[in-house]
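Below is one structure, written out as structure tokens; comments come after it.
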Amino acid sequence: MDRDAVVAIYDRLIAGHAGLVRKGKATAYTALNGNMFSFVGPDGQMCIRLSKVEIADYGRDYPNDPVIRYNSVMNGYVAVPDALLDDEGALTGWFAKSVAFARTLKPKPTKK
């Protein structure tokens, strides 16, 4: 799936949550309280941040290989495969879990 199509899906997911705003250009992302919890990279790969328990649950149905960006492992993130992108109902549930998890994270001060 091309990046524009993935970003369109991403925008629909974000629109379902009041107060969320997509940020970034080359890497579209969302953050709550200074904690990034989802993104679409320049390569069109969508990734979401989940708790350890949810990552294990996710791994029962989808690959949960480490997400690597800029030569660093993004701990707590899972890549969203095309099969899940094609099932927006299921994806909406996983995105909601990511939002809920982000709300539990300790706020980080912004750099601006």
Anything in the range 67-86 that is free of Cβ contacts under 8 Å to residues at least 12 places away in the same chain, within 15 Å of Phe37 (Cα to Cα) and either surrounded by 11 or more Cβ atoms within 10 Å (Cβ to Cβ) or among the small types (Gly, Ala, Ser) (or both)? List them, or say none.
Ile68
Filtered residues of the range 76-112 (kept if out of contact with any Pro (no Cβ under 8 Å at 6 or more places or on another chain) and assigned to a loop (DSSP other than H, G, I, E, B)):
Gly76, Val80, Asp86, Asp87, Leu105, Lys106, Pro107, Lys108, Pro109, Thr110, Lys111, Lys112
Please find, within the range 6-60, the residue that is farthest from Thr104 (Cα to Cα) out of those that are of a type in the set (A, V, I, L, M) and touching a residue at least 60 places away in the same chain (Cβ under 8 Å).
Val6
Tell me, yes or no, whether the range 47-60 has at least one residue that is assigned to a strand (DSSP E or B), in contact with a helix residue (DSSP H, G or I) (Cβ under 8 Å, 6 or more places away or on another chain) and either of a type in the set (Val, Ile, Thr) or crowded, with 17+ Cβ neighbours inside 10 Å (or both).
yes
Within the range 15-46, the count of residues that are buried (at least 17 other Cβ atoms within 10 Å of the Cβ), among the aliphatic types (A, V, I, L, M) and within 17 Å of Arg103 (Cβ to Cβ) comes to 4
Going by the structure shown, is Ser51 under 14 Å from the mean Cα position of the chain (by Cα), farther than 19 Å from Ala8 by Cα and not hydrophobic (A, V, I, L, M, F, W, C)?
yes
In the list Gly93, Gly89, which residue meets the criterion of being within 14 Å of the chain's Cα centre (by Cα) and exposed (fewer than 14 other Cβ atoms within 10 Å of the Cβ)?
Gly93
Among the residues of the range 59-112, write down those that are closer than 15 Å to Gln45 by Cα and of a type in the set (Gly, Ala, Ser).
Ala79, Ala83
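Just so you know, all these numbers are worked out from the coordinates, no wet-lab data involved. If you're wondering where the values come from, they're calculated on a predicted model, not measured in any experiment. No Cβ is skipped: glycine too gets one built from the backbone with ideal geometry, and neighbour counts run over all protein chains shown.
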